[in-house]
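The values are calculated or read from the model by the stated rules, or taken from the named source; none is laboratory data. Worth saying up front: this structure is predicted, and the values here are computed from it rather than measured. All Cβ positions, glycine included, derive from the backbone under ideal geometry; neighbour counts span all protein chains shown. We work out accessible area using only protein heavy atoms, side chains counted, and drop any ligands, DNA or RNA first. Shrake-Rupley method; radii C 1.70, N 1.55, O 1.52, S 1.80 Å.
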Amino acid sequence: MDALALPLERYLSDPALVPLARKVEAGERLTWEDGLTLYRSPDLNGIGAMAHSVRLRLHGRKAYYVVSRRLSYTNICYTHCQFCAFQAKPGDPRAYALSADDIIRELEKPENAGVRELHMTSGHNPKLKVEYFEDLFRRLKARFPSIHLKVFTMIEMDYYARISGLSTEAFLDRCVAAGLESCPGGGAEIFDPEIRERICVGKKDARIWLDTAALCHRKGIPTNCTMLYGHIEEDRHRVDHLLQLRELQDRSRAAGYQGFLAFIPLAYQNEDNELSRTHTIHETTGARDLREIAVARLLLDNIPHIKAYWVMITPGLAQVGLNYGADDLDGTVIAEEIAHDAGAKTPQGLSRQDLERLIREAGCEPLERDNLYRVY
Ligand code: V47
């Protein structure tokens, strides 16, 4: 069954959702107020059904995954994000910075055979300049030509350009010439300035994140986008964040660029970080995580893919997310640090077989993809 029987109203128990269901059915865009209604309605299954109908319209029962490897070239970070347990200051016994040789040696290990995407995000380490990245990317591409290089959050790109004494555009051009192919969606957190000031004081603001993403899109570099939820933000901050992403995607698309490929809701992991030491913040719950996936599918009508990131919400819930608006389980991951340092209890990686079983048991068709969603 590749469509839900209409009208969508039949799946709702909350009358406040009926006008939204009519818009979803007609392919009309949801508004700011609709976003708040989605966050406040008790009818999670109704919201899930609406999101699932959009997902079925866009992707049928296809569910994507990628054979990927996470790798952070350094955890040394001069920015102070209160939610982050991964960062280390120089002198900290945990602090590290990997050379190109270290990274190549790591990727040569047998467990990385078959990796098609190298996803690298890291700290803001003032010792790493553009020459480090050019050398790294060139050598990686020479040694592993078929591995796609997906590197830098928008905030990292801005940081490494500045400390290299370059404009972001010049930095990006040099990295692309050396082999950079796309960018992950991290670093967005929550765009609202007051919340940002409280969870990542001093981190570059929403404008920098959005402008850098727009620049990547203009240069033909696709990016992803994220939102960190489940800490001290409120419903209105999440609606605002999602609509700012939608607005940028409208502009990138209108100018003929691919823009954002996927949105990933990131559930706040609350261990070993300053934010959870200074505030009482409970782990997100399954209902909360499913709602984020569904709301994203409904509001982000111009972003093709929604990922259910099993590392942060567990493989079982990510699997359910495939029926709540998500069409992508991200990937094998292999060695994740950022969420696990902050308390994630999920496995370090999943095999291709694990991912395919999760997808099939959710009633979907597993498809191994590359970074641009071309199927192998
Ligand atoms: O940038 C940091 C966030 C991001 C915590 O693009 C935290 O395909 C939760 O960007 N709890 C890294 N989140 C992860 C990321 C990502 C993940 C999956 C897929 C893609 C993609 C991108 O994680 C960071 C930051 O925003 N983060 N600390 C924490 N305690």
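Points worth noting:
- For Ile76, the residues 5 or more places off, or on other chains, whose built amide H falls under 5 Å of its own are Ala88, Tyr96, Gly123.
- The sum of -39500 (n - 2.57) across all DSSP H runs of n ≥ 4, divided by the residue count of the chain, sets its helix-only mean residue ellipticity at 222 nm to -12500 deg cm²/dmol.
- Cα-based convex hull, segment 34-150, per residue volume (Å³, whole number): 199 Å³
- Pairwise FRET efficiency - Val201 versus Glu111, Cβ, R0 = 35 Å, nearest 0.05: 0.40
- In degrees, nearest ten, helix 352-361 long axis to first principal axis of the chain (Cα): 10 degrees
- Between helix 154-163 and the chain: long-axis angle, C-alpha atoms, 0 to 90°, nearest 10: 20 degrees
- Segment 1-60 - accessible surface per residue (Å², probe 1.4 Å): 50 Å²
- Placing unit charges on the Cβ atoms only, positive for Lys and Arg and negative for Asp and Glu, gives the chain a dipole magnitude near 720 debye about its Cα centre.
- The peptide list 338-351, 154-167, put in order of mean Cβ contacts within 10 Å with the highest first, becomes 154-167, 338-351.
- Carbon and sulfur %, accessible surface of segment 275-376 computed with the full protein complex present, 1.4 Å: 52 percent
- Counting only cysteine Cβ atoms and a cutoff under 4.7 Å, the chain contains unmatched residues Cys77, Cys175, Cys183, Cys216, Cys225, Cys364.
- Within-9-Å neighbourhood charge of Met154 [Cβ basis; K, R +1; D, E -1]: -2
- Note that segment 165-182 has calculated 3J(HN,Hα) couplings of x, 10, 5, 4, 5, 5, 4, 4, 4, 5, 5, 5, 4, 8, x, 4, 10, 7 Hz, one per residue in order, obtained from phi through the Karplus relation 6.51 cos²θ - 1.76 cosθ + 1.60 (θ = phi - 60°); glycine and proline are x.
- Think of the chain as having a plus end and a minus end, set by charges on the Cβ of Lys, Arg, Asp and Glu; of Ile76, Leu36, Leu228, Ile76 sits farthest toward the positive end of this dipole.
- Helix 235-254 vs. the chain, principal-axis angle (Cα, 0 to 90°, nearest 10): 70 degrees
- Solvent exposure of segment 61-368 as accessible area per residue, Å², 1.4 Å probe: 37 Å²
- Relative contact order, percent, the chain [alpha-carbon distance under 8 Å, six or more residues apart]: 21 percent
- Translational diffusion of segment 16-74 was estimated from the Stokes-Einstein equation, with Rh taken as the Kirkwood radius over Cα pairs; at 37 °C and 0.692 mPa s the coefficient is 239 µm²/s.
- Of the residues Val24, Val311, Val66, the one that moves most in a GNM of the chain with alpha-carbon contacts below 10 Å is Val24.
- Computed from the Cα positions only, the extents of segment 61-368 along the three principal axes stand at 46, 45, 43 Å, in decreasing order.
- For the pair segment 340-376 / segment 165-208, the C-alpha centres are spaced 27 Å from each other.
- Amide H within-cut-off set for Ala63, under 5 Å, with H built and near neighbours excluded: Glu365, Leu367
- When only alpha carbons are used to place a centre, segment 1-15 and segment 216-255 end up 28 Å from one another.
- With the simple model of a label 7 Å out from the Cα in the direction of the Cβ, Asp235 to Glu33 spans 1.4 nm.
- In units of the compact-protein estimate 2.2 N^0.38 Å, segment 206-347 shows a Cα radius of gyration of 1.06.
- Here's how it looks for Ile190: its modeled amide H is under 5 Å from those of Leu228, which are all 5 or more places away or on a different chain.
- Within segment 347-376, the trypsin sites (Lys or Arg not before Pro) that combine a DSSP coil assignment with at most 10 other C-beta atoms in a 10 angstrom radius are Arg374.
- Just checking the listed ones, Ala63, Ala26, Ala188: in the Gaussian network model of the chain with Cα springs under 10 Å, the one fluctuating most is Ala26.
- Per-residue Karplus couplings for segment 90-100, computed as 6.51 cos²θ - 1.76 cosθ + 1.60 with θ equal to phi - 60°, are listed in order as x, x, 5, x, 7, 5, 8, 9, 8, 7, 4 Hz, Gly and Pro entered as x.
- Solvent-accessible area, 1.4 Å probe, carbon plus sulfur percent, for segment 156-253: 45 percent
- Note on segment 250-318: Rg/Rh from Cα positions, Kirkwood definition for Rh, rounded to two decimals, is 1.09.
- In sequence order, calculated HN-Hα J values of segment 224-234 (Karplus, 6.51, -1.76, 1.60; Hz; x Gly/Pro): 10, 9, 9, 8, 8, 10, x, 10, 10, 7, 10
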